[in-house]
There are 2 protein chains.
Amino acid sequence: MTQPVTWQTIQNEALRRIREREWKPGEMIPHEADLAAELGCARATVNRALRELAAAGFLERRRKAGTRVALNPVRKATFDIPIIRRDVEGRGAVHGYRLLERSSAPAPAPVTTKLRLPARTRLLRVSALHLADGAPFCLEDRWVNPAAVPGIEAADLSAVSANEWLVRNVTLSGGGIEFFAMPADARLAAVLACEEGAALFAIDRTTWTGATPITAVRLTYAPGYRMVTAI
Amino acid sequence: MTQPVTWQTIQNEALRRIREREWKPGEMIPHEADLAAELGCARATVNRALRELAAAGFLERRRKAGTRVALNPVRKATFDIPIIRRDVEGRGAVHGYRLLERSSAPAPAPVTTKLRLPARTRLLRVSALHLADGAPFCLEDRWVNPAAVPGIEAADLSAVSANEWLVRNVTLSGGGIEFFAMPADARLAAVLACEEGAALFAIDRTTWTGATPITAVRLTYAPGYRMVTAI
DNA sequence: CAGTGGTCTAGACCACGGT
DNA sequence: CCGTGGTCTAGACCACTGT
């Protein structure tokens with residue numbers, strides 16, 4: 001009944017020892033070589049198991065110092081940020097999309113600052129409303145740097161959302177995300193069909209390709225939206 | 001000037017090829033063995049580089065089918081969920097803590113449902129306010145399953161927050177998180193020193209050890225709070 | 001300086017799953 | 001069936017860092 005030793009076997013064993021306090025928080029655990037010998041596998045296997053536990057925040061590893069059980073395990077939550085259509089469909093609803101506005105205009109200061117562009121740079125502005133089963137779901141307010149995204153000027157954003165177009169056509173990139181709550185102003189209340197002052201969940205996202213700013217977007221969700229994940 | 005080949009070298013090269021459309025979305029990429037030969041390294045090195053790219057959502061890998069560039073790269077955002085004291089201190093403020101309530105009571109239905117406990121199970125209820133530089137920062141409303149957490153009945157939660165006590169004394173193995181916005185009711189407005197109806201950012205979290213429910217907590221943040229991360 | 005984790009290599013076997 | 005990724009091994013060298 002002894003199953004073959006894989007790195008997951010080792011990982012589960014390590015987790016068990018942490019959970020059952022055989023290895024106590026803050027305490028050093030045996031070296032990779034010792035564990036390999038004890039558990040009857042190669043050091044590389046132990047390494048992979050422990051490396052991932054360290055990445056997940058359960059262990060802290062340093063060269064020479066060794067490995068210890070994390071004292072304050074930082075819980076990490078990973079969110080998938082799907083394109084909105086998928087999000088809607090994942091909730092079992094039919095996705096709808098309405099392009100509200102598309103223009104070129106000097107971007108307001110908060111946007112240019114976040115994208116580190118000169119003040120009042122002309123950017124492409126796209127506003128669109130996402131619907132779930134016909135009801136307002138999420139307002140997408142976006143500013144795109146056309147210099148960094150050739151082709152978007154010509155793209156038909158009435159059929160495919162800018163969100164989706166960018167995911168499909170723009171290079172990989174990094175960026176930042178902020179989650180927060182904000183009250184509905186008159187415009188939001190009208191578009192999202194809620195009362196003025198209603199508490200709305202919102203996401204600000206900026207996207208880059210290397211040092212080139214691509215887009216800044218604010219997604220404002222209709223009341224009741226919850227962003228869910230597992231730890 | 002040729003630097004030693006590490007898995008990160010390979011990973012960057014792969015990212016470059018994806019970014020510059022040498023490998024197009026949906027397209028198959030060369031096999032591990034071919035890449036290893038081309039890039040002058042062992043297959044295991046290529047494997048690690050590509051495996052992590054697949055985990056990050058850039059590639060899709062299947063046995064026999066091979067590896068292809070993801071068509072809809074799912075953006076993933078990872079949040080560190082620190083203990084609140086650290087969060088406050090990380091913002092350059094002094095953390096304060098006030099225990100508001102501590103009692104034992106039958107938990108309301110939403111809580112017992114989420115924790116999959118019988119209706120009206122008696123749980124330990126802890127309410128506490130976290131302060132940043134003396135101003136209300138976050139209200140912690142928590143229900144703890146005392147059967148699963150021996151020792152908490154005797155713990156002094158006026159000095160250390162329940163949040164921190166649990167992190168230190170229980171091994172949390174899993175759970176769920178939900179982020180949302182909600183309006184301040186009368187109690188929240190009073191405690192967080194904001195107006196009734198103000199838009200507040202809130203987090204519902206449930207925690208488990210294996211199949212045993214440990215705790216359900218709602219963290220409600222004072223207006224203006226933003227949860228920030230990088231992609 | 002010396003111990004520990006980080007990584008690479010070359011070879012091997014296996015499980016999955018298209019064909 | 002058999003190609004592809006998934007993983008293990010044994011040995012090796014290296015980088016970092018505490019002492």
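Structure data summary
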{"read-out": "Some residue of region A:29-39 being without any contact (Cβ under 8 Å) to a residue 60 or more places away in the chain, away from DNA strand D (no atom under 14 Å from the Cβ) and either farther than 16 Å from A:Glu13 by Cβ or in contact with a His (Cβ under 6 Å, 6 or more places away or on another chain) (or both)", "value": "no"}
{"read-out": "Residue in region B:91-102 that is away from chain A (no Cβ under 12 Å) and among the aromatic types (Phe, Trp, Tyr) present", "value": "yes"}
{"read-out": "Neighbours by Cβ (under 6 Å, 6+ apart or cross-chain): first from region A:74-87, at the interface with chain B (Cβ under 7 Å from one of its Cβ atoms); second in a helix (DSSP H, G or I)", "value": "A:Ile83/A:Asn163; A:Ile83/A:Glu164; A:Ile83/A:Val167"}
{"read-out": "Residue ID - nearest to the other protein chains (Cβ to nearest Cβ), chosen from residues in region A:17-34 that are in a helix (DSSP H, G or I) and within 12 Å of DNA strand C (Cβ to nearest atom)", "value": "A:Glu32"}
{"read-out": "Region A:71-87, residues that are away from DNA strand D (no atom under 16 Å from the Cβ) and within 23 Å of B:Thr207 (Cβ to Cβ)", "value": "A:Asn72, A:Pro73, A:Val74, A:Arg75, A:Lys76, A:Ala77, A:Thr78, A:Phe79, A:Asp80"}
{"read-out": "Single match in B:Ala49, B:Ala44, B:Ala14, B:Ala37 (criterion: crowded, with 18+ Cβ neighbours inside 10 Å, within 11 Å of DNA strand C (Cβ to nearest atom) and not in a loop (DSSP other than H, G, I, E, B))", "value": "B:Ala49"}
{"read-out": "Selection within region B:172-231 - in the same structural domain as B:Ala147 (by TED's automatic domain parsing), part of a strand (DSSP E or B) and small (Gly, Ala, Ser)", "value": "B:Gly174, B:Gly175, B:Gly176, B:Ala181, B:Ala199, B:Ala202, B:Ala216"}
{"read-out": "Test: residue in region A:55-64 that is more than 16 Å from DNA strand D (Cβ to nearest atom) and within 14 Å of chain B (Cβ to nearest Cβ)", "value": "yes"}
{"read-out": "Residue count, region B:82-120 (criterion: within 22 Å of B:Gly175 (Cβ to Cβ) and among the charged types (D, E, K, R))", "value": "5"}
{"read-out": "Test: residue in region A:152-165 that is touching a helix residue (DSSP H, G or I) at 6+ places or on another chain (Cβ under 6 Å), assigned by TED's automatic domain parsing to the domain that holds A:Thr207 and at pLDDT 95 or above", "value": "no"}
{"read-out": "Test set (1) over 26 Å from A:Ala14 (Cβ atoms); (2) assigned to a strand (DSSP E or B) - B:Ala155 fails condition number", "value": "(2)"}
{"read-out": "Matching option when the condition is touching a Pro at 6+ places or on another chain (Cβ under 7 Å) and among the aliphatic types (A, V, I, L, M), among B:Val126, B:Val111, B:Val69", "value": "B:Val69"}
{"read-out": "Selection count where residues are within 20 Å of the chain's Cα centre (by Cα) and in a strand (DSSP E or B), scope region A:108-152", "value": "9"}
{"read-out": "Restricting region B:166-181 to residues that are of a type in the set (Val, Ile, Thr) and at pLDDT below 85, the residue that is surrounded by the most Cβ atoms within 10 Å (Cβ to Cβ)", "value": "B:Val167"}
{"read-out": "The listed residue being within 14 Å of chain B (Cβ to nearest Cβ), at pLDDT 95 or above and under 25 Å from A:Pro106 (Cα atoms), out of A:Ala190, A:Ala184", "value": "A:Ala184"}
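The values are calculated or read from the model by the stated rules, or taken from the named source; none is laboratory data. All of these numbers come straight from a predicted model, not from anything done at the bench. When we count neighbours, we look across all protein chains shown, and the Cβ atoms used for this are built from the backbone with ideal geometry, even at glycine.
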